[in-house]
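First up is the structure itself, then whatever we jot down about it.
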Amino acid sequence: MFNIIGKRKFYFIFSGALTLIGIILFFIFGINWGIDFKGGTLWELKFPAGIDNTAIREFWPTLNLGDVSVRESEGNKMLQFRSLEQGEYDIALAGLKQKFGNVEEISYETIGPTIGEEIKGKAYLTIVLSSIAIILYIAWAFRKVSRPVSSWRFGVVAIVALVHDLLVMLTVFVVLGKFLGVAIDSFFITAMLTVLGYSVNDTIVIFDRIRERLKLKVDEPFEILVNKSVNETMTRSLVTGMNAILVLFALFLFGGASIHWFMLAMLIGIITGTYSSIFIASPLLVVWYNFSRKRA
């Protein structure tokens with residue numbers, strides 16, 4: 001049997017360092033919001049062979065249309081910039097064709113800044129309400145557990161582990177946004193909400209085993225009881241997580257550019273969700289219990 005709870009300091013130091021680095025990078029780099037949230041234009045174009053992103057970035061300022069980010073999209077180029085008037089659109093398309101030859105428009109999407117702010121507000125609200133609902137649900141599901149820890153603590157600890165998972169996801173995309181121009185869009189929020197459900201579900205499996213052992217009223221220290229529960233459910237958590245990871249990894253590699261970053265977000269979230277359920281959530285429960293005993 002692995003002494004996971006006994007070595008909790010190592011996991012806390014590792015996750016704490018990871019979280020701290022993420023927060024620092026967040027303030028240094030900031031979030032590269034997609035047009036879903038900040039408004040703007042997403043223009044997918046097919047350029048002649050041999051035209052690279054650098055050439056487009058170097059030419060764009062000559063059009064006097066503000067900044068642009070350019071990335072690959074299934075063999076095409078995806079340009080992101082501010083909203084354009086009809087006249088500016090005509091100038092941009094004509095300029096690109098004159099410079100690069102046969103440029104073909106694949107899609108053109110514009111979202112106003114007001115709509116973008118509204119979507120961002122709803123995304124925050126959805127995550128906050130989902131977290132509150134999870135705490136209430138877990139507190140209700142574990143309502144028959146009152147000793148040695150009350151039921152609502154299970155819910156709070158599950159949310160703390162979840163916040164850890166979402167911060168790791170966000171950190172990776174902050175770095176990708178800085179160096180590769182990857183934007184956080186509505187697909188990323190969808191991935192966060194999906195991971196939110198997966199992470200909590202995986203954590204509850206372990207908490208449920210703790211609850212079952214508490215019902216047996218076995219005379220053993222709470223720390224040992226939790227460690228046994230984690231060991232009994234760890235194989236199931238790892239196998240379930242690995243199955244999901246293999247599928248997501250295959251989709252990340254072969255699923256196409258349109259879902260590439262969405263799959264990466266899911267992949268990171270499932271990996272951290274599996275890790276935090278085993279190495280963060282249950283150890284935190286023990287830490288909280290020990291802290292309460294010392295204060296009693």
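Taking 8 Å as the Cα distance limit and 6 or more residues as the minimum spacing, I'd like the relative contact order of region 179-296 as a percentage.
Details: 80 pairs, mean separation 46.9, N = 118.
The value is 40 percent.
Karplus-based coupling profile of region 221-232, in residue order and whole Hz: x, 4, 4, 5, 4, 5, 4, 5, 5, 5, 5, 5, with θ = phi - 60° in 6.51 cos²θ - 1.76 cosθ + 1.60 and x standing for Gly or Pro. The slack between residue 28 and residue 99, meaning 0.36 nm per residue of separation minus the straight C-alpha distance, is 22.0 nm. Remind me, relative contact order of the chain in percent, using alpha carbon pairs under 8 angstrom and six or more residues apart? This gives 25 percent for the chain. Its Cα centre serving as origin, region 124-255 has a Cβ charge dipole (Lys and Arg +1, Asp and Glu -1) of approximately 420 debye.
Computed from the C-beta positions of residue 253 and residue 62, the FRET efficiency with R₀ = 41 Å rounds to 0.65. The portion of the accessible surface of region 1-123 made up by carbon and sulfur, rounded to a whole percent, is 59 (1.4 Å probe; DNA, RNA and ligands excluded).
Distance between the modelled labels on residue 219 and residue 163, one decimal in nanometres: 3.9 nm (7 Å Cα→Cβ projection). Here residue 49 and residue 3 are evaluated by their C-beta separation; at R0 = 51 Å the FRET efficiency comes out at 0.30. Taking only the Cα atoms of region 204-249, the radius of gyration and Dmax are 13.3, 44 Å.
Probe radius 1.4 Å, ligands and nucleic acids ignored: give me the carbon and sulfur share of the accessible area of region 161-261 as a rounded percent.
About 67 percent, which is the carbon plus sulfur part of the accessible surface.
Note on surface exposure: 193, 65, 136 rank 136, 193, 65 by accessible area, highest first, 1.4 Å probe.
The Cα atoms of the chain cover 81, 35, 29 Å along the three principal axes, with the biggest extent listed first. Multiplying the residue separation of residue 242 and residue 208 by 0.36 nm and removing their Cα-Cα distance gives an extension gain of 10.1 nm. Can you list which of the trypsin sites (Lys or Arg not before Pro) found in region 128-178 are DSSP loop residues with at most 16 other C-beta atoms within 10 Å? Here the sparse-neighbourhood loop sites are 143, 144. Rolling a 1.4 Å probe across the protein heavy atoms gives the chain an accessible surface of 53 Å² per residue.
Give, rounded to the nearest 20 debye, the magnitude of the charge dipole that the chain has about its Cα centre when Lys and Arg contribute +1 at Cβ and Asp and Glu contribute -1 at Cβ.
2000
Distance between the pseudo-spin-label points of residue 232 and residue 180 (7 Å out from Cα toward the beta carbon): 4.2 nm.
The values are calculated or read from the model by the stated rules, or taken from the named source; none is laboratory data. A quick note: this is a predicted structure, and the numbers were derived from the prediction, not measured. All Cβ positions, glycine included, derive from the backbone under ideal geometry; neighbour counts span all protein chains shown. Side chains are part of the model used for accessible areas, which takes the heavy atoms of the whole protein and leaves out ligands, DNA and RNA. Shrake-Rupley method; radii C 1.70, N 1.55, O 1.52, S 1.80 Å.
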